[in-house]
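Comments concern the structure below.
Laboratory data are not the source of any read-out in this text; all were calculated from the coordinates shown. Just so it is clear, the structure is predicted and the values come from calculations on it, not from any experiment. As a convention, Cβ positions derive from the backbone with ideal geometry for all residues, glycine included, and neighbour counts pool all protein chains shown.
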Amino acid sequence: MAAMISGDFLDCSTFILLCFFSLLCYSIFCMKTKDSRVGCDFPPSPPSLPVIGHLHLLLSTLVHKSLQKISSNYGPFLHLRIFNTPIILVSSASVAYEIFRAHDVNVSSRGVPAIDESLLFGSSGVITAPCGDYWKFMKKLMVTKPLGPQAQEQSRGIRADEINLFYRKLLDKARKKESFEVGKEAMNLVNNIMCMMSMGRRFSEEDGESERLKGLVTEWSGLIKRMFLAVLNHIKAFFVELLFGASDTSSTKILWSMAEIINNPNVLEKLRKELDSVVGKTRLIQETDIPNLPYLQAVVKETLRLHPPGPLVPREFQKECEIGGFYIPEKTRLVVNVYDIMRDPDLWVDPLKFMPERLLASSKSGQEDERKEKVLKYLPFGSGRRGCPGSALGYIVVGTAIGVIVHGFEWIIDGDKVNMEEVMEGVILTMARPLKFTPVTRYVPFP
């Protein structure tokens, strides 16, 4: 009996000590610091745990969906904490508008630490460099040289040649009745386009050069560490970010677009009708056709609404500020869940349904509506000065590639529908299972 009482007492003492320790940790890590401004408080915060804060709410391979669930339960403008790191979570189009319009300079830093020089290049790259003179110079170089209108016009022939080869590969698969893996072939297409535009040569899969290209980052990192020339590090970062930034996002857009088109026969019918009317059946689609193909443009935009390449837009507040009546301290991380915003039922009719018709209106009128309503509801590439500089070129490449597939071929797939399960590969949202089909030729514009 005495032993039982002693054991109960020990358990009770342990429980009391654990409670005391939890309260101590809570007072250290969780208590809000009082701001000097009267009547200004932090945004609402979900219940948190001692020490780890809200980490337990994010234990998922699809963090954007975990954050979507948090916002649906607690609100679209929240203050979270991971250990001692404060985070502002935004899933509201109106708050996003206020941030990117009134506080764009303040959130112009991504606040992403360099993980490894061979992976993210620290402040040498455009993606993670702080918003200063160097970043402005690198962005200006990128948008005026390889991604600018004049450069795009000069390289149009390169992209036409690669699209032609892409079509011939599809045609060869159709003749041999072989399977065509959309994601893999789209990646090869975009890689070859970007390599030809930037280096004047393509990387063929047959010679293993595509795989060697992926290994250049590691190889160049070791070379630069031995040579102690920082300027080469900047050049390396520039080209690698240009190549892989374009390859990942554009190939993923092609992949998701084809999956949605296959799963929606009514969209396929309308798209083919438009392509047959504008392009005809005596030639391949060209970039100059894109402005005359509004439904094709809407298909690409609707795909980006449902499947943005980067579902989360990370930033960092450089200075303290006030947003929506709430106080935001300096060096607070910002996460805008664009995936959630672009599926918000308050902003979109039937938000989970693939309906390109909703985006048939001109982009200019859509921007006017957003300014009048003071919301940012369509932002697949982020917004502000840190928005994607290559989005215009991406629309052209993706639209042309989709046009070639849809216009020139039918297809045979396994099953009735494409599995739309998502997975994150790095920071890119892609399909969990490869999309494969056997192409069947509709027409051949040349022998």
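How do 251-257, 340-346 rank on mean C-beta neighbours within 10 Å, highest first? Let's see the in-between values first.
Details: 251-257: 25.9, 340-346: 18.0.
Top of the packing list down: 251-257, 340-346.
How long is the gain from ILE413 to LEU360 if the chain were fully straight, where each residue apart is worth 0.36 nm and the alpha carbon distance is subtracted? Provide the component values of the computation, followed by the final result.
Details: separation 53, 0.36 × 53 = 19.08 nm, distance 2.88 nm.
Contour length minus Cα-Cα distance gives 16.2 nm.
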Binned at 10 Å starting from 0, the alpha-carbon pair-distance distribution of segment 312-439 in whole percents comes out as 9, 27, 37, 20, 6, 2
If each part is reduced to its alpha-carbon centroid, segment 379-394 and segment 291-328 end up apart, in Å, by 9 Å
On each of the three principal axes the extent of the alpha-carbon atoms of segment 387-447, given in whole Å and largest first, is 41, 32, 15
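Using mean Cβ contacts within 10 Å as the protection proxy, how do 327-336, 297-306 order, highest first? Intermediate values should be presented prior to the final figure.
Values: 327-336: 19.0, 297-306: 22.7.
Taking the mean over residues of other Cβ atoms within 10 Å, the ranking is 297-306, 327-336.
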